[in-house]
Structures are given as C-alpha cells and as structure tokens.
Amino acid sequence: MNSLNSSRPRVALFEPRIPQNTGTIGRSCLAFNMSLDIIKPTGFSFEDKYLKRAGLDYWPDVDLHLYESFEKYKNSFSNSRIIAFTKKSSNLISNIKYKYNDILLFGREDTGLPDNIMKNCEIVAGIPMPGGESKLKTGGVRSLNLSVACGIVCYTACLQLNLLSK
C-alpha cells in the first residue's frame, strides 16, 4: 500500500486502549485500502497477542503510522480535513460530503474524543442509532464498539467516493 496515500481517506485512532479493536480496525483499513494512524499513547504494546490475533496474519501489511501527539499529527496533514466521530454529535455521517484526503478520527474506547480535540477538527459527526439510549424508553444502546463504528464510517466514505470497486 502506498504510504501517505492522499487518494483515499485515512483512519486515525486517538489513544486507543483495547488491542483487539485496533487489530480489527487495522484489518478493516487494509480491506478498504486505507492507512491507519495511531496517536499515542496507547493502552497496549504493539507486540500484544490480542492485537495480532484480531489483525490475523494481515497485521504486517497494514499501512500503520504512529504519532506522538495530536498536535504533531494535525501538523503532518495540514492539507486534510479531520473529521471527528462521536456519539455526542447530532450531525449524521450521511450529511458529510467526504473528500479523498479526509482523515476519519476516532477516540478512545472508554472516554471518546476530548472536547479540545474535537474543537480542532473541521467536522464532528455521529452514526445514527435508532436503538440508542436517547431513543428507547428502556434505555437502549449507549454506543457502538469502536471497530464497528470505524467500519461503518469507512464503508460510508468509500461508498460515497466510489472507492469500493477500486
């Protein structure tokens, strides 16, 4: 895969904590031909057996890039929009006009993206959840698993940009 490929969106994970999610997201990035950027610190080692198990034998082929901080990351991609995804947004992912050089940013599994990070993003959006906690009288689902949310957003962006057959 072409490193720093600007013809496709990129996935960025802000301080991921669960190796299984990161491994699964790496596998999804490879399937969608997207780069995976990880903004440190992480809650695991890259030698973690669960990370490798979730990424299967694909993990060595993932176009993976590590960054020491969000500021350094943002400065590395000054020509890209950073789109933050959070359950707190009423702006739906279907409202976005995706661009080829967009960065799809996802937060930590336990706390999501901090407000100061979201304020530094061009767009903040969320995935509609008809069965979400604010929709059902019985409580509903609080959030989606990070790797599931990432897969939904990657598919949506690639579909809109006509990248699924390329």
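The values are calculated or read from the model by the stated rules, or taken from the named source; none is laboratory data. Source: prediction; values computed, not measured. Methodologically, a virtual Cβ is constructed for each residue, glycine included, from the backbone with ideal geometry; neighbour enumeration extends over all protein chains shown.
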If you check M129 against the conditions, is it of a type in the set (A, V, I, L, M) and more than 17 Å from the chain's Cα centre (by Cα)?
yes
In the stretch 54-85, the residues that are exposed (fewer than 13 other Cβ atoms within 10 Å of the Cβ) and of a type in the set (K, R):
K72
Number of the exception - S6 against (1) at negative phi; (2) of a type outside the set (F, W, Y); (3) at pLDDT 85 or above
(3)
I'd like to know if the stretch 136-144 contains one or more residues that are touching a residue at least 12 places away in the same chain (Cβ under 8 Å) and over 22 Å from G43 (Cβ atoms).
yes
Would you point out which residue out of D102, D110, D37 is more than 22 Å from T156 (Cα to Cα) and of a type outside the set (V, I, T)?
D110
Given (1) surrounded by fewer than 17 Cβ atoms within 10 Å (Cβ to Cβ); (2) touching a Gly at 6+ places or on another chain (Cβ under 8 Å); (3) at negative phi, number of the condition G140 does not satisfy:
(3)
Among N145, N116, N120, the single one that is at pLDDT below 95 and either surrounded by fewer than 20 Cβ atoms within 10 Å (Cβ to Cβ) or not hydrophobic (A, V, I, L, M, F, W, C) (or both) is N145
Pairs returned, first residue in the stretch 84-105 that is more than 13 Å from A12 (Cα to Cα), second residue that is assigned to a loop (DSSP other than H, G, I, E, B), beta-carbon separation under 6 angstrom, 6 or more apart or interchain, are T86/L113; K87/S143; L92/P128; I93/I127; Y98/L161; Y100/S7
